[in-house]
Amino acid sequence: MSEEGPQLDLGSLLSRLGQVQQNIQEAQASAAGQVVEGSSGGGAVKIKVTGAMEFQEVIIDPAVVEASDVEMLQDLVLAAVRDAMEKAGQLATSALGNAAGLPGLPGLGGLLGG
């Protein structure tokens, strides 16, 4: 006499996976429509980027534009880009984690290339 364990309901599992996939697609679309802002130099350089990682705007305070210190401006722009990308990545990670029913899942950012 063999004892069988709990039966796996493949139909239910596939239905759940389909729902998770739909939730993820909706979350990606939602994140893509949101804009985050990265900044550096106390707001002297600001960069806006969507959750789809599309850059929307670069704002530079004219006070930091001096021909004698182009290197500083370059550093500020790079820092603002990194800040904006980090925030966009966090937005995507949060949206996808929530869509998959796994809010705050550690390491999800690695699945997104972050």
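With a requirement of 2 or more residues that are charged (D, E, K, R) and modelled with pLDDT of 85 or more, the strands (runs of 3 or more DSSP E) lying completely within the stretch 6-95 that satisfy it span 45-50. Within the stretch 38-52, identify whether any single residue is over 16 Å from Glu86 (Cα atoms), surrounded by 12 or more Cβ atoms within 10 Å (Cβ to Cβ) and in contact (Cβ under 8 Å) with a residue 24 or more places away in the chain, and answer yes or no. The answer is yes, given that some residue of the stretch 38-52 is over 16 Å from Glu86 (Cα atoms), surrounded by 12 or more Cβ atoms within 10 Å (Cβ to Cβ) and in contact (Cβ under 8 Å) with a residue 24 or more places away in the chain.
The values are calculated or read from the model by the stated rules, or taken from the named source; none is laboratory data. Small disclaimer: the values here were computed from a predicted structure and weren't measured. Heads up, the Cβs are rebuilt from the backbone with ideal geometry, glycines too, and the neighbour counts pull from every protein chain shown.
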